[in-house]
Every structure is written in structure tokens, then in C-alpha cells.
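The values are calculated or read from the model by the stated rules, or taken from the named source; none is laboratory data. Only a predicted model underlies this, so the values are computations on that prediction, with no experimental measurement involved. In this analysis, Cβ positions are derived from the backbone assuming ideal geometry, glycine residues included, and neighbour counts consider all displayed protein chains. When the accessible area is computed, the model is the full protein with side chains, heavy atoms only, and any ligands, DNA or RNA have been set aside. Shrake-Rupley method; radii C 1.70, N 1.55, O 1.52, S 1.80 Å.
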Amino acid sequence: QVQLVESGGGLVQPGGSLRLSCAASGSIFSINAMGWYRQVPGKQREPAAVIHSGGITNYADSVKGRFTISRDNAKNTVYLQMNSLKPEDTAVYYCKADVRPSGSSWYWDYWGQGTQVTVSS
């Protein structure tokens, strides 16, 4: 069984910074892409940033230049450094990992429980 646990959300003023962490645990053979997605009420969940196993990164246009995604493969952990935060960044942020569990030949998507980020003065 694989679990993703997020941390680091909270309330921050516009222009401030937050760092999100997501640790994958359980019977893991390997992990491909890891990413952060965000969702506001009434809207679809959308990708914010993704990092592939080789280190290639992709960012939504709305966060380019402000957010930085990174990962520690030894710890099965992905991070999202968010700088110059804006009120429109307010959302629930979810971590996703493409995981091959031990004993499986397939990769499966696993999601974290979500962490609230609120940007407000």
C-alpha cells in the first residue's frame, strides 16, 4: 500500500512564500513523475508543476518564474517552493505520484489528501 502525505500549507500574505512537501511511503518499487495540482471550489483540478524521474520539469504558465518544483528520490519526496504568492494562488494543493508498487508490473497514480493554501492580507 502506498500513501502520500502533504505538509506545508497555510495562510500567507500576498508576495509571501510557502514551501509544500509531499512524502510517499509504503511498498514502493519506483516512482516516475511527481507533481502538484491545485483546485478551487467549482473548478477542475489543474496541474501547477510536475517533475519527471530524470529531473525534467513542467510548469503551468500562471506559476512560471514564481514556483519551483524539486524532488529527493532517496526520500521519495517532492517539494514545491512558492514565491511571490498572489491571491489567485489560493487553492487546495494536491500531490500526485506515478508509482510502481513492489510486486507490481504497473504504475498507478496516487494522490495526497490535499493541503490548503490561502493568500490573503
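Quick look at the numbers
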| item | result |
| --- | --- |
| Table column - 3J(HN,Hα) (Hz), the stretch 48-59, Karplus curve with 6.51, -1.76, 1.60, x for Gly and Pro | 9, 7, 9, 10, 8, 4, x, x, 5, 10, 9, 10 |
| Accessible area expressed per residue, the stretch 35-121, with surrounding protein chains retained (probe 1.4 Å, Å²) | 55 |
| Viscosity 1.306 mPa s, temperature 10 °C, Stokes-Einstein D of the stretch 36-121 from Kirkwood C-alpha radius, µm²/s | 113 |
| Residues in the stretch 82-121 that a label on residue 30 would reach, taking backbone N under 14 Å of a point 7 Å out along Cα→Cβ | 98-108 |
| For residue 76, distant residues with modelled amide H under 5 Å away | none |
| Computed magnitude of the charge dipole of the chain (debye, nearest 20; Cβ of K, R +1, Cβ of D, E -1) | 80 |
| Estimated vicinal HN-Hα couplings, Hz - the stretch 75-89 in sequence order (Karplus 6.51, -1.76, 1.60; Gly, Pro = x) | 9, 6, 10, 10, 10, 9, 8, 10, 10, 6, 5, 10, x, 6, 7 |
| Per-residue HN-Hα couplings for the stretch 104-121 [Karplus 6.51, -1.76, 1.60; θ = phi - 60°; Hz; x = Gly/Pro] | 10, 9, 10, 9, 10, 7, 10, 10, x, 7, x, 9, 7, 10, 10, 10, 7, 8 |
| Length released on extending from residue 90 to residue 66, taking residue separation times 0.36 nm less the Cα-Cα span | 7.2 nm |
